[in-house]
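Below is one structure, written out as structure tokens; the observations come after it.
The values are calculated or read from the model by the stated rules, or taken from the named source; none is laboratory data. All values derive from a computational prediction rather than experimental measurement. Every residue, glycine among them, receives a Cβ derived from its backbone with ideal geometry; neighbour counts consider all protein chains shown. Each accessible area value is taken on the protein alone, full model and side chains, heavy atoms only, with ligands, DNA and RNA left out. Shrake-Rupley method; radii C 1.70, N 1.55, O 1.52, S 1.80 Å.
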Amino acid sequence: MNRFVAAERALRAAAPHRLVDAVREVLCDEYEALSVQLFLADYGLATLQPVLPAPGTPQSVPAHAGPAGRAFGSQEPFVEKLTDGRVCLYLPVTVRGDRLGVLAVTMPSADRAEECRDELAEVAQVLGHEVIVADRDTDLYVRARRTDRLTLAAEMQWQLLPGRSCTRPEYALGAQLEPAYAIFGDNFDWSASADGLMLYITNGMGEGIEASLLTNLGINALRNARRAGLSIEDQAALADQAVFAQYRGDAYLSVLLIDLDLRTGRLRIVDAGSPQMLRLRGRHAAVVDLEAQLPLGMFEETDYVSHEIDLEPGDRLLFASDGVHAVVAPGGERYGERALARALVSTSLLPAAEVPRAVLRELSGHRGTPVAEDDALVVCLDWFGPPQAS
């Protein structure tokens, strides 16, 4: 039996909590690997955490430095030379653009590593898919991603998320929430079909559990309307009714609803609240002026209308919550006035998945303090253009 098929079958047959053991056994048996370790990115995208670490394995490694960090950041295999001719292959574990972590495989020689590299890279992708499926049945991989305990509000928010990045030939998406272990009101959601992408950027008012409960209600109301096949205008209206029915106007949800036609690049947007949208075209970045409307749940039976713009291939969109664009520097300047546009330009060479973290890092410098007073959410969308006719 082909060794890759053997590895794939071993992973698919393994119990959810035994994926690391299964991949270690099959790679040692079929590929002559000397050791195998899976590292998963933590919630803050700062470190890579080992899952079921073998003796001598570090407790964590940097997600943006060192050999594992280079593989994670570049999304390309990286080879580290060890002693006695051995090498360690670091292989990205990624599912449809969602970067989960890195698989580290120690091989007896550089020649053996080069011979097996492509197949081992495919094994790492299969492992990523199995980890996603296993998360339904075990907490092992969720716990491995944590460097600290999440607050209950943060636990609720992270459970809502579709992922942190996604790629297709037409677009690439990346998103990040801060403080990762204590988020409470900000959130994002996306869903793609053959010819469309819907994206929500949300900011629930309040703090702690109350903000998280509000966002959970709003996101699930939007999903319910979206899955019924309704337009974004009707999605906003029905979610508005659901939030108002629960809170009677005492709490509300700010949201940007985006509907991108993947066949044309036409973008329809409902602006219901505080999140901000910027566009980078070439080297010019600017806030996109939208028709501001009432947040969801502020008043009963609000009607919503959409705003349309056309994207050009190469456009980059950045969406930021008020915990980003409204942050005031010690000198009094809001981050969204000029600094956010500068950050968008300065990160133009980074892939979409890397942009949110880079912008949030620059935001920390603008704020002048390491601890944020509010949730901060950044989402980046790159538009490559409609699919080419074959």
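Measuring spread by the Cα atoms of segment 154-267 yields a radius of gyration and Dmax of 14.2, 43 Å. Computed with a 1.4 Å probe over protein heavy atoms only, the accessible surface of the chain comes to 44 Å² per residue.
In order along segment 60-76, the Karplus-derived 3J(HN,Hα) couplings, from 6.51 cos²θ - 1.76 cosθ + 1.60 at θ = phi - 60°, round to 6, 10, x, 7, 9, 8, x, x, 5, x, 5, 5, 5, x, 7, 6, 10 Hz, and Gly and Pro are given as x. For the peptides 73-83, 23-33, 268-278, the ranking by packing is 268-278, 23-33, 73-83, with the highest mean count of neighbouring Cβ atoms within 10 Å listed first.
Across all Cα atoms of the chain, the radius of gyration (one decimal) and Dmax (whole number) stand at 22.0, 72 Å. Among residues other than Y247 with Cβ under 14 Å from its Cβ, the summed charge is -3 (Lys and Arg +1, Asp and Glu -1). Compared with the dominant Cα axis of the chain, that is its longest principal axis, helix 110-134 is turned about 50°.
Taking the empirical scaling 2.2 N^0.38 Å for compact globular proteins as reference, segment 185-338 has a Cα radius of gyration ratio of 1.04. Treating r as the C-beta distance of L230 and D195 and R0 as 22 Å, the FRET efficiency rounds to 0.85.
In segment 20-71, Cα pairs under 8 Å separated by at least six residues give a relative contact order of 23 percent.
By accessible area, using a 1.4 Å probe on protein heavy atoms only, the chain has 50% of its surface on carbon and sulfur.
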